[in-house]
C-alpha cells in the first residue's frame, strides 16, 4: 500500500459519512457509495448528509455516488459501513463486480450478528468476498458518529490478524481525535460490540420504567458477564471484554443520548409497541435482530443468558418489561463469580 490510498466507503449513513471525512482528512482519495441514487444525488449536491448527519460539511473532493462498480474501481481498501441485515447482500454485489482480489484489504465497521446464521460480520464478508479471510478486519468500539464527526476524542480498535497489514490499517484511520488500537481477538471484539446493543436496549427499558442508577449499574455489570460468557464459549479471550470493544462500547451504548438501541428500549419501557417505535425511526437499531441471533447462539453453545433472553421475550413475545425485571431479580441466589 502507498501512503495515499484509493478507499471505497460502502454505506453513506452517519458512520459511513463520518469515516469518509476522517479518511479524507488523512489525505486519502475517498469514494462514498450510497445504495439509493436519489439520496446519493442529494448528498452530493448539498455536500451534507442532512438525513443522517446534519450540520457536517462533506469536502468536495469526496466522490459520492450510487454506481457500485465505479466506486470500487482500482480501490485499495474497501470499508463496509452498511446495516448488518444488508451486509451479505452488499458483499455479494461487491463480489459480482470482480473488482476485488484475494489480497484486497477489507474493513468492516458494522456491529451485529446476522439474524438467521448467527454469524459475525467478518464471517459474513468471508463467506461472500473473493478475499483471503486474513485480509478482513473490523474497525469497532465506542464511537458515536455524532461525536466523531465533531472531532470529540474517541478510541476504537482495529481487530484482525497480527502483522504489518493491521498496523498499516491502524495508521490509515488514526487521527489526533480518533485513537486506534490493534486487537487480535476478532471473535471477542465482534461479539462484544454486537451483544452490547442488546444490553443497551435493556438499559433503555430501565430508563423507560423510571428505575435509577442502582438498577442500571447491576444491569451493565451482569450484562457484561453474559457477553463474556458467550464470547468465551466461542473462543474469545476474556480480557477483550474489559477493553474498548467490550465494556467501552457497552458504556457508551447503554448510557448515551445518541444511542439508538437505548432509545428503543426506553420507549418500550414506557409502554410503546416495538413496531411503532421502529416505524418512527430513520436509523437502524442493530440490537433488535441481534437479539434473535444471540438467543439462538446461546442455545447452540449451551450458555446461560438470562438478561438477553428476557429482552427477547419483551421485544418479540409481548412480555411486560416490569415483569421481566422482577423475574431477573428473583432468580435463585448464587455466588457472583461462579
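Here is how the numbers come out for the structure above:
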item	result
Among (1) under 20 Å from the mean Cα position of the chain (by Cα); (2) farther than 17 Å from residue 119 by Cβ - the single one residue 297 does not satisfy	(2)
Checklist (1) closer than 25 Å to residue 118 by Cα; (2) crowded, with 17+ Cβ neighbours inside 10 Å applied to residue 275, failing item	(2)
Segments classed as strands (runs of 3 or more DSSP E), wholly inside segment 91-205, with at least 3 members that are farther than 18 Å from residue 17 by Cα	154-159, 178-183
Residue 163 vs. criteria at positive phi and either without any contact (Cβ under 8 Å) to a residue 24 or more places away in the chain or surrounded by fewer than 18 Cβ atoms within 10 Å (Cβ to Cβ) (or both)	yes
Scan of segment 242-276 for residues that are closer than 17 Å to residue 159 by Cβ and not in a helix (DSSP H, G or I), ordered by number	243
Any helices (runs of 4 or more DSSP H) falling wholly within segment 279-338 and containing at least 1 residues that are in contact with a strand residue (DSSP E or B) (Cβ under 8 Å, 6 or more places away or on another chain)	287-301
Options 278, 234, 274, 250: the member that is within 24 Å of residue 87 (Cα to Cα), touching a helix residue (DSSP H, G or I) at 6+ places or on another chain (Cβ under 6 Å), at pLDDT below 95 and not assigned by TED's automatic domain parsing to the domain that holds residue 83	274
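Residues checked against (1) part of a loop (DSSP other than H, G, I, E, B); (2) over 30 Å from residue 115 (Cβ atoms); (3) without any contact (Cβ under 8 Å) to a residue 12 or more places away in the chain:
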position: 38; (1), (2), (3): no, no, yes
position: 43; (1), (2), (3): no, no, no
position: 55; (1), (2), (3): no, yes, yes
position: 59; (1), (2), (3): yes, yes, no
position: 79; (1), (2), (3): no, no, no
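The values are calculated or read from the model by the stated rules, or taken from the named source; none is laboratory data. Keep in mind it's a predicted model, so treat the numbers as computed, not measured. Backbone-built Cβ (ideal geometry, glycine too); neighbour counts: all protein chains shown.
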